[in-house]
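Structure first, then comments.
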Amino acid sequence: MYNVALTGNIAAGKSSVAALLRDWGATIIDADAIVRELQRPGTQVFREIAARFGPGTVAVDGTLDRAALRARILARPEERKLLEAIVHPAVEAERRRLLGLASTSITDIVVNDIPLLFETMDPTRFDAVVLVDAPEDLRLSRLTSERSIKPVEAQMLIGTQMPAARKRDRADLVIGNDGS
């Protein structure tokens with residue numbers, strides 16, 4: 001089994017590349033999908049987030065109010081680290097579990113879609129690292145138009161990640177995603 005890490009900064013187009021790789025037969029382990037699953041109401045991660053950040057981060061329907069939580073952690077970087085301390089270990093445990101399942105299947109290639117690979121993990125743990133990159137102004141446009149994030153918050157989100165230029169030298173392959 002060939003174990004690949006797929007990474008890139010927010011709104012660079014990792015999901016589009018992952019979808020192509022899935023269509024071509026790769027097994028995808030999506031860290032963002034794992035986060036969404038782990039943050040469902042009733043889960044341990046959800047309970048820890050609600051306990052730590054309070055009722056203002058829980059929406060009327062009982063789900064996590066992602067916009068409120070995002071605004072809070074962008075305004076207080078120390079709280080982002082507290083959130084990461086809750087979420088990242090749980091995501092990594094689930095990713096490893098899924099990787100173990102994939103290793104017992106007929107899968108030849110597993111692609112680990114990990115947005116914060118360079119910020120949170122050792123990339124040498126993978127057989128190859130693929131970076132999806134797009135110019136910052138395009139990523140900002142994608143965040144505001146496709147995800148309806150306010151421009152100020154979008155710029156702050158971009159600022160929380162390591163610049164792509166620093167990631168390029170550490171990747172085995174860079175996919176430019178500034179076109180169709």
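The values are calculated or read from the model by the stated rules, or taken from the named source; none is laboratory data. In this text the structure is predicted, and so the values were computed from the model without any measurement. For neighbour counting, all protein chains shown are included, and Cβ atoms are generated from backbone atoms with ideal geometry for every residue, glycine included. We work out accessible area using only protein heavy atoms, side chains counted, and drop any ligands, DNA or RNA first. Shrake-Rupley method; radii C 1.70, N 1.55, O 1.52, S 1.80 Å.
Miscellaneous remarks
- Of all the residues in the range 38-52, those that are surrounded by 14 or more Cβ atoms within 10 Å (Cβ to Cβ) and within 22 Å of Ser15 (Cα to Cα) number 2.
- Candidates Leu173, Leu131, Leu116, Leu143 - the one that is of a type outside the set (Phe, Trp, Tyr) and touching a Gly at 6+ places or on another chain (Cβ under 9 Å): Leu131
- The set of residues from the range 99-118 being among the β-branched types (Val, Ile, Thr), within 21 Å of Arg170 (Cα to Cα) and part of a loop (DSSP other than H, G, I, E, B) comprises just one member, Ile114.
- Qualifying residue in the range 143-151 (condition: closer than 19 Å to Ala68 by Cα, of a type in the set (D, E, K, R) and either in contact (Cβ under 8 Å) with a residue 60 or more places away in the chain or assigned to a helix (DSSP H, G or I) (or both)): yes
- Among the residues examined, Thr124 qualifies as among the hydroxyl-bearing types (Ser, Thr, Tyr) and modelled with pLDDT of 95 or more.
- Failed criterion for Leu20 (all others in (1) within 27 Å of Asp122 (Cβ to Cβ); (2) out of contact with any helix residue (DSSP H, G or I) (no Cβ under 8 Å at 6 or more places or on another chain); (3) open to solvent by less than 70 Å² (accessible area, probe 1.4 Å) hold): (3)
- Screening Gln155 with (1) out of contact with any strand residue (DSSP E or B) (no Cβ under 6 Å at 6 or more places or on another chain); (2) of a type outside the set (Asp, Glu); (3) within 19 Å of Gln39 (Cα to Cα) gives one miss only, at (3).
- Extreme residue, modelled with the highest pLDDT, among residues of the range 152-180 that are assigned to a loop (DSSP other than H, G, I, E, B) and open to solvent by less than 40 Å² (accessible area, probe 1.4 Å): Ala171
- Residues that are open to solvent by less than 60 Å² (accessible area, probe 1.4 Å), over 21 Å from Lys150 (Cα atoms) and hydrophobic (A, V, I, L, M, F, W, C) occur in the range 53-72; there is at least one.
- Members of the range 73-103 found to be free of Cβ contacts under 8 Å to residues at least 40 places away in the same chain, under 15 Å from the mean Cα position of the chain (by Cα) and surrounded by 15 or more Cβ atoms within 10 Å (Cβ to Cβ), listed by number: Leu83, Glu84, His88, Glu92
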